[in-house]
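The values are calculated or read from the model by the stated rules, or taken from the named source; none is laboratory data. Computed from a predicted structure; not experimentally measured. Positions of Cβ are generated from backbone atoms using ideal geometry, with glycine treated the same way; all protein chains shown enter the neighbour counts. Side chains included, ligands, DNA and RNA excluded: accessible areas come from the protein's heavy atoms. Shrake-Rupley method; radii C 1.70, N 1.55, O 1.52, S 1.80 Å.
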Amino acid sequence: MDKSHTIEKDSVIPFGGVLTDDELQHVIEKSNLVNFNKKEIIFRQNTRTSHIMFIRSGMVKIFKEGRNGKFIILKVAVSGDFLGLLSIYGGETHHYSASAIQPSEICFVDNSVFNSLLTSNGEYASKIISRIAADGLFIFDRLMSQSHKQLPGRIADVILYFAEVIFNSESFEFPFTRRELAELAGTTKESFIRTLAEFKHDKIIDLDGSLVKVNSMRIVRTLSELG
């Protein structure tokens, strides 16, 4: 199979390059694309699972709703990421919610079709298992960071997350409000703003509204490691 054909298949569904043409056609026939506006809910915690979803374009917030209207943002999902894998294979309802950070195109694939791929194509099943494990470990690491690191370490983790994982750039724009950033870091809005201002004062970062430029990735990484 030539590389261009593999890339074309991967645009239909993540890891589509390892599917046969018949399997891929079955996915196309049993899926549909839905456009979501910024801040629109894609699925809500405690609702029943029915489809595997993945992001064709855009950016999505994955968050856990707690008591008293409090939230924890677990991760940011981007183009090519699945949504709901942990819930689909961990129970009959979604264990968290998802909403669009920006206008996003989401592909919905019927569960039965997706399960048939896992049964018939061992290589595809292996890739999905690896993705589920990676998602679980990522969330585990995020929660450990929030539970055991001091505030500067948690803020450093947030900066590293956007710089190295989401945008792959030392200059980027926070896609969240300050309140949402605090939820991602597991702290209060006031504490997040104060610590971010300290980073700016110490010239670790430049900050102009939501625009961030990391002046020293070395210092940010050190703060993250020291916790």
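Brief remarks on what is shown
- Shown are HIS94, HIS201, HIS51, whose ranking by accessible area with a 1.4 Å probe and every protein chain present, most to least, is HIS201, HIS51, HIS94.
- Between ILE28 and MET144, the modelled labels are 4.3 nm apart [label points 7 Å from Cα along Cα→Cβ].
- Charges were assigned to the Cβ only: +1 to each Lys and Arg, -1 to each Asp and Glu. The resulting dipole of the chain about its Cα centre is roughly 1000 debye.
- Only one residue of VAL60, PHE71, GLY91 has its Cα farthest out toward the positive end of the dipole of the range 54-98, where Lys and Arg carry +1 and Asp and Glu -1 on Cβ, and that residue is PHE71.
- With all pairs of separate Cα atoms included, the chain yields a Kirkwood hydrodynamic radius of 18.9 Å.
- Within the accessible surface of the chain, defined with a 1.4 Å probe on protein heavy atoms only, the carbon and sulfur portion equals 52 percent.
- Modelled this way, with points 7 Å down the Cα-to-C-beta line, the labels at GLU65 and GLU164 are 3.4 nm from one another.
- Debye, to nearest 20: dipole size of the range 4-80, +1 on Lys, Arg Cβ, -1 on Asp, Glu Cβ: 860
- Loop-exposed trypsin sites (Lys or Arg not before Pro) per DSSP, neighbour cap 16 Cβ within 10 angstrom, longest uninterrupted part of the chain: 71-202
- For the chain, the solvent-accessible area works out to 52 Å² per residue, with a probe of 1.4 Å and every protein chain left in place.
- Scaled to the globular estimate 2.2 N^0.38 Å, the Cα spread of the range 125-227, given as radius of gyration, is 1.10.
- For the range 66-140, applying the loop criterion from DSSP together with a ceiling of 10 other beta carbons within 10 Å to the GluC sites (Glu not before Pro) yields GLU92.
- Estimated dipole of the range 108-181 in Debye, rounded to 20 [Cβ of Lys and Arg +1, of Asp and Glu -1, Cα centre]: 260
- Lys/Arg +1, Asp/Glu -1 at C-beta; the range 116-199 dipole; positive extreme among PRO175, SER126, PHE140: PHE140
- Residue-averaged 222 nm ellipticity for the chain, from DSSP H runs of 4+ at -39500 (n - 2.57), nearest 500: -13500 deg cm²/dmol
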